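Please read the structure below before turning to the comments.
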Amino acid sequence: MAGQCTRCRRRLSDPMSIKRGMGPVCWAASGGETFEAELEASDEEWARREALLRAGGEIDLGCNWEFDQGEDYPPTTMRVSVRFWNGAFEAYGALVNPADPSMVEVVFLRSDDLRAVYEAAVLAGPHSTARAAWRRRQWARKAHRAA
C-alpha cells in the first residue's frame with residue numbers, strides 16, 4: 001500500500017510520511033516516535049551496537065506492540081528486537097499469546113546491513129500496531145452492520 005497510510009488508509013503525499021507508511025497523526029497514535037531517534041546514532045554508536053549483537057546480545061525495541069494475526073484472530077502482543085543470528089542481523093518480533101505460552105517469531109528483515117535491519121525493527125512495532133488498529137475498526141464496523 002505505497003502512498004497509503006497503514007493505519008487509516010488515507011493517501012499520503014509528504015515524503016517522510018510515505019517513507020514511514022503513515023501520516024504524522026497515525027504515526028504518533030501508533031507509537032512511531034518511541035524509537036525513531038535511535039536511527040540518528042553516531043558511527044561510534046552503530047559500531048557499539050554491531051559489536052554487542054555479534055557477541056550474542058540483543059537490542060529490544062519494546063514489548064507492547066500489537067500484531068494483527070489476520071481476520072479470524074484477535075491481535076496479540078509482540079516484542080520487537082534486533083539480533084545477530086546465523087551470520088546476519090535480524091529484525092524480528094516475538095508474538096506473545098497468554099492463551100498459548102509458546103512464542104512465535106516473525107522476521108521482518110534479515111540482512112548484513114545493521115542500519116537497514118534496525119530501521120525495519122523501528123518501523124515494525126508502529127506498523128503492526130497500526131494494522132491491528134485498522135483490523136479492530138473493521139471488526140467494529142462489521143458488528144455494527146450486523147446489529
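Only the coordinates and a few stated rules stand behind these numbers; no lab work does. As the structure is a computational prediction, the values presented were derived from the model and not from experiment. Heads up, the Cβs are rebuilt from the backbone with ideal geometry, glycines too, and the neighbour counts pull from every protein chain shown.
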Exercise for the section: Report, in degrees rounded to the nearest 10, the 0 to 90 angle that the Cα long axis of helix 43-54 makes with the longest principal axis of the chain. Expected result: 90
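Gain in length, Gln4 to Glu71, computed as 0.36 nm per residue apart minus the alpha-carbon separation, to one decimal in nm? Intermediate results must be reported in sequence, preceding the final value.
Details: separation 67, 0.36 × 67 = 24.12 nm, distance 2.01 nm.
22.1 nm is the gain from fully extending Gln4 to Glu71.
Based on the Cβ-Cβ distance from Asp112 to Glu38, what FRET efficiency comes out when R0 is 22 Å, to the nearest 0.05?
Values: r = 20 Å, r/R0 = 0.89.
The formula returns an efficiency of 0.65 here.
What is the gain in length, in nm to one decimal, between Ala28 and Ala88 on full extension, counting 0.36 nm per residue of separation less the C-alpha to C-alpha distance?
Numbers: separation 60, 0.36 × 60 = 21.60 nm, distance 3.08 nm.
Value of the extension gain: 18.5 nm.
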Exercise for the section: Return the long-range amide H neighbours of Phe108 (sequence gap of 5 or more, or a different chain), with a cut-off of under 5 Å between placed amide H atoms. Expected result: Ala91, Tyr92, Gly93
Problem - Computed [θ] at 222 nm, helices only, for the chain once each DSSP H run of length n ≥ 4 contributes -39500 (n - 2.57) - result: -12500 deg cm²/dmol
Exercise for the section: Could you please state, rounded to a whole Å, how far the C-alpha centre of the stretch 111-147 is from the C-alpha centre of the stretch 52-67? Expected result: 18
Completion exercise
With the charge dipole of the chain built from beta-carbon charges (+1 for Lys and Arg, -1 for Asp and Glu) about the Cα centre, the Cα from Cys5, Ala37, Ala147 projecting farthest to the positive end belongs to Ala147
